[in-house]
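Novice: There's a structure below that I have some questions on.
The values are calculated or read from the model by the stated rules, or taken from the named source; none is laboratory data. Remember, it's a predicted structure, so these values are computed and weren't measured experimentally. Here the Cβ positions follow ideal geometry from the backbone for every residue, glycine too, while neighbour counts run over all protein chains shown.
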């Protein structure tokens, strides 16, 4: 998402600067140490027999991913195991974007056959890094509004656990919507928090009230999946399922979140000490890997052209790309972007 060049370095060729990875303090992409250990254990396990999963994914992975989205004690999960008023279907996908694509395809199909839903969709990413840390009352009001307006929620968790450092806390909006008996779709990703960039794994969760559309959902999803990617990979799915089986494994993720929050605090304080125009409290009111600075297009263009600091056009940056080596340069550059006549 964001890359910094030293003051005396001027790239001669265009570079891809909008990275989505988590970067360590050394500026390198990061993989949880636990993930490396699990991969070694799987490769050394003589009983482990890799094989293609079904088109809808690895069962253990989809079960674990559903539990961290809805909570193990969720009525939607408990009722689904017996005679149910709520019905759940879950599908493994090759990535987060694939989960979003599959959800959109299913909504399009349902709209055409007027099954499940035939109205507007509410698309929200409640805990990505570009959102403010919304309080529970905000989501409670949002759920009531959507029920009154008959909106269908499609909720996105592109970096679950990287907002608060807690899987359940990040998923609270999804759990609340489901507890209110609302039908919904939820797309999840575990690539960012586990560092599985070469083995990305996503998940699409469908919670419906009626049993009849759920019975046809699997066959419809199966047809769509086979036309898009046939089978998802199992390597990343096995790793994620193993990590999610024990929440104590997420200690490293919490440290990643704490580092990102510390960077936000330091960046805000340094901008304040420089006398940079504006209030920068929004930097610490957001959470996760990404941050919206509030810079406009002209200021972003100044950073890219004059300071070789590249952000997305709307001023969004990857917090983890800031480290002890480039912090001063970043803050000085932002200050200049706001104080220099453009």
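Novice: Run residue 285 past the list (1) modelled with pLDDT of 90 or more; (2) farther than 19 Å from residue 22 by Cβ and report the number of the one that doesn't hold.
Specialist: (1)
Novice: So which residues in region 260-278 are surrounded by 18 or more Cβ atoms within 10 Å (Cβ to Cβ), touching a residue at least 40 places away in the same chain (Cβ under 8 Å) and in a helix (DSSP H, G or I), if there are any at all?
Specialist: Listed by number, the residues that qualify are 260, 263, 264, 267, 270, 271.
Novice: Look at residue 2 and say whether it is modelled with pLDDT under 80 and surrounded by 15 or more Cβ atoms within 10 Å (Cβ to Cβ).
Specialist: So residue 2 fits the description; yes.
Novice: If you go through region 135-156 one residue at a time, do you hit one that is at pLDDT 85 or above, within 22 Å of the chain's Cα centre (by Cα) and closer than 30 Å to residue 255 by Cβ?
Specialist: There is at least one residue in region 135-156 that is at pLDDT 85 or above, within 22 Å of the chain's Cα centre (by Cα) and closer than 30 Å to residue 255 by Cβ.
Novice: From 221, 230, 178, which residue is assigned to a loop (DSSP other than H, G, I, E, B) and either within 22 Å of residue 101 (Cα to Cα) or over 11 Å from the mean Cα position of the chain (by Cα) (or both)?
Specialist: 230
Novice: To continue, here is another question. What residue, among those in region 21-75 that are assigned to a loop (DSSP other than H, G, I, E, B) and in contact with a helix residue (DSSP H, G or I) (Cβ under 7 Å, 6 or more places away or on another chain), is farthest from residue 243 (Cα to Cα)?
Specialist: Per the stated criteria, the residue is 55.
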